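The values are calculated or read from the model by the stated rules, or taken from the named source; none is laboratory data. Keep in mind the model is a prediction, meaning the values are calculated, not measured. Cβ atoms come from the backbone with ideal geometry, glycine included; neighbour counts cover every protein chain shown. Calculation scope for accessible area: heavy atoms of the full protein, side chains included, ligands and nucleic acids excluded. Shrake-Rupley method; radii C 1.70, N 1.55, O 1.52, S 1.80 Å.
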Amino acid sequence: MTQRVELATVMDRLAVDGLVTEYAAAVDDGDWQAYRGLFTADGRADYRSAGGIEGDAGQVAGWLERTMLLVPMRQHLIVNRRVTFGVLAQDVGDTAQVQADYINPMRFEGPDEGVSGPSAPSEPDFVCGGRYAFAFLRTDGGWRLREVVVEEKWRLTRHPRT
């Protein structure tokens, strides 16, 4: 590889990795407009293994917006990212896949919502973990998600606060 090709590969890797981070931030912050903007026009998401739905990004964003009202505190930690680049129409690097493990602690909405200081709750009500499979496409506007598939492997819950 030439230095120019190596630099382009590094830049693509950083862009794809940044998109994974933007995905997590959009879900955790409840920014559903940003979530929709991460996907291609035909982008899809599949949350069925975690008890959710599968569909186009707009449909899934609407479902997430309603569902995540129940868990106003969430924090995705996405690690062990394995990035591979593929070929589309004989052009190397137009597609990418990322497999990444996640852990996601969440808190249910409850009476102590907004409490801070020593009396604030310190444990999540719900924690799940598993693996994401992200598929990306290089577009005129940069890298975008074509597909997100969640493979939930485990979960731990405790009773919601009353």
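Just to be sure before I move on: is R13 open to solvent by 80 Å² or more (accessible area, probe 1.4 Å) and either assigned to a helix (DSSP H, G or I) or closer than 18 Å to R146 by Cβ (or both) in the structure I sent? Yes. Pairs are defined by a Cβ separation below 6 Å, a sequence spacing of at least 6 or placement on different chains, a first member in the stretch 127-156 that is farther than 15 Å from A57 by Cβ and in contact (Cβ under 8 Å) with a residue 24 or more places away in the chain, and a second member that is polar (S, T, N, Q) and open to solvent by less than 40 Å² (accessible area, probe 1.4 Å); the pairs so defined are C128/N104. Scanning the stretch 23-45 for residues that are buried (at least 17 other Cβ atoms within 10 Å of the Cβ) and either under 22 Å from T157 (Cβ atoms) or hydroxyl-bearing (S, T, Y) (or both) yields Y23, A24, V27, Y35, T40. When the stretch 98-125 is filtered for residues that are at pLDDT 60 or above and open to solvent by 80 Å² or more (accessible area, probe 1.4 Å), the ones remaining, listed by number, are Q99, E109, S122, E123. Quick check: anything in the stretch 64-71 in a strand (DSSP E or B) and either under 21 Å from D29 (Cβ atoms) or modelled with pLDDT of 90 or more (or both)? Within the stretch 64-71 (the criterion being in a strand (DSSP E or B) and either under 21 Å from D29 (Cβ atoms) or modelled with pLDDT of 90 or more (or both)), the answer is no, since none of the residues qualifies.
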